[in-house]
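The values are calculated or read from the model by the stated rules, or taken from the named source; none is laboratory data. All of these numbers come straight from a predicted model, not from anything done at the bench. Positions of Cβ are backbone-derived with ideal geometry, glycine not excepted, and every protein chain shown enters the neighbour counts. Only protein heavy atoms, including side chains, enter the accessible area calculation; ligands, DNA and RNA are left aside. Shrake-Rupley method; radii C 1.70, N 1.55, O 1.52, S 1.80 Å.
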Amino acid sequence: IMERKIRAKIDRKEVMLAKLRKSCSCTPRKLKNFIMDFLPVLRWLPKYQCKEYIWGDIMSGLVIGIILVPQAIAYSLLAGLKPIYSLYTSFFANIIYFLMGTSRHVSVGIFSLISLMVGQVVDRELLLAGFDLNDDAPPALGDGSPQNDSQSNTTAFNLTLAGMNTECGKECYAIGIATALTFVAGVYQVLMGIFRLGFVSMYLSESVLDGFATGASLTILTAQVKYLIGIKIPRSQGHGMLVITWINIFRNISQANLCDVITSAICIVVLVTAKELGDRYKNKLKFPLPTELVVIVVATLVSHYGKLNEVYASSVSGAIPTGFISPKVPHFNLMLRVALDALPLAIVSFVFTVSLSEMCAKKYAYTIRANQEMFAVGFCNIIPSFFHSFATSAALAKTLVKTSTGCQTQVSGVISAMVVLLVLLFLAPLFYSLQKCVLACIIIVSLRGALRKFRDVPARYHVNKVDTLVWVVTMFASALISTEVGLLVGIVFSMLCIIVRTQRPRAALLGQIQDTSFYEDDLEYENLSSVPKVKIFRFEAPLYYANRNYFLKSLYRLTNLDPNLETARRKKYEKKEKQHLRDCTTANGLGIGETALQLVPKQIDFQVLVVDCSSISFLDTTGVNTLKEILKDYKDLNISVLLACCNPSVIDSLKRGDYFRREFGSMQEKVY
């Protein structure tokens, strides 16, 4: 006999007041711990083992910095912004995460999916403001160039509505939208950290994230095709962007720039070959080949001295200024326009950062604080938004490179930031002649990992069909509708799958394993023996309002007995029997036994029903009432109902639901 422990009553009001007093009190020690927790660098930097760590950090920092520069310039195409803003983003993100991050290895900075999400919002707002989305279109206002009245009026009107200066041109308005979006996303992340809402990331399953990344990769690939072949088509907006873009590409394929096509083909062959060789011989190489940097340097030299822009009209990056632009507060009115768009951006950025941080922490045996990671990535968005930067996140590819090149701490992030700073201050103008098709090639080749997920579909389907369906739905929704809608569809669909699986779970009758006291599903295993006069029923899910009917249907089907129908049948035949006896006038009529035999042909082959509750994790009010209902219904047929293997939560629910009433029997008689 097991007796439950008597729990001491807790005064929740007193507990809350005690916690409130503790959290509101301020002592020197508490203030010190708060600062140390908020800036983890103050804890680990004084303990930095210079001789052991410095060379690995310098090497990984230099390699990441060399990779970061061409990627930052390339991803500016995705964000619809000038390359200088991507460099700002990469610089500030590395510095801030160095101060606030708890992961030693994760690489935070510009990320393709985040850049795409930012670019979609920027393009939409530019279109609503009346700007031309064509990359080569002249600035709308403020550059002294003549503009037609209709375009000027439209743009000025929209800018005035947004609370912006009417002399702000297309580039100024685009970075204004990006910084406002980034600031709001950072505020969301900090608020989520304050209110400890990190659990939101649990609803983004691996299948949802993989499907979202693959679908977004298809969108990124589609957006870069026009640069690959050098055609000028408008940047599509809204739902169905992928389909519309491909239609426009095929309509304008005859206008392809031969110079860009040849350059793109050469760059893709070189980049893919180098990546494949790097993957094959990665154990022999001390650090990854800086293929992107080599391609950019060579392509820039060829474009400059071959005058590809002047002779063949090949589209180039243009002037990239040096130094830093004066800080500017993001516009509040623009924040209101993008507040809703910032929410999925904040969640995706946080989820990718925390998942990569946990992966690295598990691999190298240390711990991270997910809540502090929320603060870190939040301030990686808030502070840089004042310095003309856009949203950031941890990036898988750069994180893997960082760990493979000897990274020990986030000092490597500072080294990477110094490399970016060198480009910002001195080397940026050298990229003037760099063709945009080269940047597009770098982006497309970087998508190899996400696009390779298509090869994993058969294996994924073999492991779990439902997860594969979630991946497919999320991928198609992200690619064919939009990235934000695709993410929402993936989350909702995956939750619906869970609900459906609990609504129609597996139910079985159990048989006894020979010569043991264990029982299993008699449909799944051979040589199980049934217990005479006993049916053992197992329901493999919580019993709640959504699956109540399925529980009853399964029970009646497997036991081959619906107590309500059987009770109604017996009452009907009893009534007929009485009527028959009343009308019977002769002594040689049917006897009572013969009448019962004829009118009640159904014989019940069990006297006890055991409900195996080992798989029932909880009961709601409907679940308790359902068990009370079958207890009463089977009792009317002289069949006992017993419960086995109930966990404490189920027993407490039964007690609160008055399941152990006197007429039904005590708990000792009903629960085993």
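The eigenvalues of the Cα gyration tensor, multiplied by 5 and square-rooted, give segment 541-580 an equivalent ellipsoid with semi-axes of 31, 10, 5 Å from largest to smallest. Note on segment 422-481: percent of Cα-Cα distances in each 10 Å bin, starting at 0 and stopping at the bin with the largest distance, equals 18, 29, 23, 16, 13, 2. Label zone (Ser404, point 7 Å along Cα-to-C-beta; backbone nitrogen cut-off 15 Å) within segment 445-480: 446-450.
In whole angstrom, the chain maps to an equivalent ellipsoid with semi-axes of 65, 31, 26, each derived as √(5λ) from the alpha carbon gyration tensor and ordered largest first. From the convex hull of the Cα coordinates of segment 179-306, what is the mean projected area in square nanometres? If I average the Cα hull's projected area over directions, I get 12.8 nm². Across every direction, the projection of the convex hull enclosing the Cα atoms of segment 1-74 has a mean area of 13.3 nm².
D by Stokes-Einstein for segment 240-314, Kirkwood Rh over Cα pairs, 37 °C, 0.692 mPa s: 219 µm²/s.
Ordering 383-394, 169-180 by mean Cβ neighbour count within 10 Å, with the highest value first, yields 383-394, 169-180. Packing, as the average of other Cβ atoms within 10 Å across residues, places the peptides 420-429, 366-375, 21-30 in the order 366-375, 420-429, 21-30, highest first.
So how far, in whole Å, is the C-alpha centre of segment 634-665 from the one of segment 273-351? Using only Cα atoms to place each centre, the spacing works out to 66 Å.
A straight Cα-to-Cα reach below 20 Å connects Lys670 with the lysines Lys533, Lys535, Lys628, Lys632, Lys635, Lys655, residues fewer than 8 places away in its own chain not being considered. Protection proxy ranking, highest mean first, for peptides 441-447, 324-330, 102-108: 102-108, 441-447, 324-330, where packing is the per-residue count of other beta-carbon atoms within 10 Å, averaged. Taken over the Cα atoms of segment 357-478, the convex hull encloses 189 Å³ per residue. Note on the chain: with neighbouring protein chains present and a 1.4 Å probe, carbon and sulfur make up 62 percent of its accessible heavy-atom surface.
When only alpha carbons of segment 1-145 are considered, Rg and Dmax amount to 25.4, 91 Å.
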